[in-house]
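Here the structure comes first, spelled out in structure tokens, and everything after it is commentary.
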Amino acid sequence: MPEKPATTPPVFRFAPSPNGYLHLGHALSALLNHDMARAAGGRLLLRIEDIDITRCRPEYEQAIHDDLAWLGINYERPVRRQSEHTDAYREALDRLAAMGLIYPAFMSRGEVKRLVAEEEAAGSEWPRDPDGAPLYPPLDKSIPKPEAEARIAAGDQHVWRLDMAKALALVGKAPSFTETGPTHAGTLTLDPAVWGDVMLWRWDAPSSYHLSVVVDDALQGVTHVVRGLDLFAATPVHRLLQTLLDLPAPIYHHHRLILGEDGRKLSKSQGDTALAALRADGLSPLDIRRRVGLV
């Protein structure tokens, strides 16, 4: 009998940012990635998303390793740290630039906020993204290239944004994706234009979440992206970037969120109880599984 062709095992990843201590919401995501990888006979990677140099700290990164070890989650080494791979993100940005799909944006958040407030005070309804933030005004796209280059050379703070209309015109239609999560399972096509001209490169950090995450997933051979439902709406942006950059499309699985007593999503910035604190209080890894509904 002819030999069956070798199959590549599926690849899952847990990708926290070391800008605070992990809480129960992170535990659910990490445990789901671990359990799903094991059930599928796949691999589990850990990626440290530390491109936000103003907030990420070594002690938080070490705490991630400590928490995962306590939970009994094993992952492959070496661990990818985004801060060590900024050249890959720059290369992707340059490819989009060569296609004429990005532009420098000079307006600060305060300037955008004031402009939107003025427009809304005058009776205009300003479009907002799924997170409720106002879309970036289109004014900078009309700045002549020599003027924009002169401002950059003079040191004006700026970010690089995707020209969403041009990008969608180039691909022809919004790319679909496969979703296996409990809320939106199926082959889905969502419009990335609801996010407007998303930021791809920040003046205060190399790259942005949208660009780095799709580059990393492709370079690491990630086949299954398992993450919280709060990132579901960002998936069409990621699929658009994958299409523009000729990157493979993983299968997506967006899981439920762990909410606090007040009904909001748990957050590092809100000081929600860290796994280390729960461990210090005497909870076991099995207790954590119970708390996040996996037992």
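The values are calculated or read from the model by the stated rules, or taken from the named source; none is laboratory data. Owing to the predicted nature of the structure, the values given are computational and were not obtained by experimental measurement. Reconstructed Cβ throughout: ideal geometry from the backbone, glycine too, with neighbour counts over all protein chains shown.
Here are a few things to note about the model shown:
- Matching residues in region 259-295 - criterion: being within 29 Å of A218 (Cβ to Cβ) and buried (at least 18 other Cβ atoms within 10 Å of the Cβ): K268
- Contact map, region 168-181: residues that are closer than 11 Å to L244 by Cα paired with residues that are polar (S, T, N, Q) and modelled with pLDDT under 95, Cβ distance under 6 Å, separation 6+ or inter-chain. No pairs are found.
- Against the test of being within 24 Å of H210 (Cα to Cα) and touching a helix residue (DSSP H, G or I) at 6+ places or on another chain (Cβ under 6 Å), the options L96, L31, L44 yield a single qualifying residue, L44.
- Residue ID - nearest to the chain's Cα centre (by Cα), chosen from residues in region 7-42 that are surrounded by fewer than 20 Cβ atoms within 10 Å (Cβ to Cβ) and among the charged types (D, E, K, R): D35
- Taking each residue of region 147-167 that is outside any helix (DSSP H, G or I) and looking for partners that are among the hydroxyl-bearing types (S, T, Y) and at pLDDT below 95 with beta-carbon atoms closer than 9 Å, six or more apart or interchain, yields Q157/S108; V159/S208; W160/S208.
- Positions within region 39-62 being in contact with a strand residue (DSSP E or B) (Cβ under 8 Å, 6 or more places away or on another chain) and part of a helix (DSSP H, G or I), in sequence order: E61
- Residue in region 81-95 that is part of a loop (DSSP other than H, G, I, E, B), in contact (Cβ under 8 Å) with a residue 12 or more places away in the chain and either out of contact with any Lys or Arg (no Cβ under 7 Å at 6 or more places or on another chain) or closer than 25 Å to D281 by Cα (or both) present: yes
- Hey, E111 farther than 19 Å from A15 by Cα, of a type outside the set (S, T, N, Q) and surrounded by fewer than 20 Cβ atoms within 10 Å (Cβ to Cβ) or not: yes
The rows are residues; the columns are (1) at pLDDT below 85; (2) in a helix (DSSP H, G or I); (3) touching a strand residue (DSSP E or B) at 6+ places or on another chain (Cβ under 7 Å).
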| residue | (1), (2), (3) |
| --- | --- |
| H254 | no, no, yes |
| L257 | no, no, yes |
| D272 | yes, no, yes |
| R290 | no, yes, no |
| G293 | no, no, no |
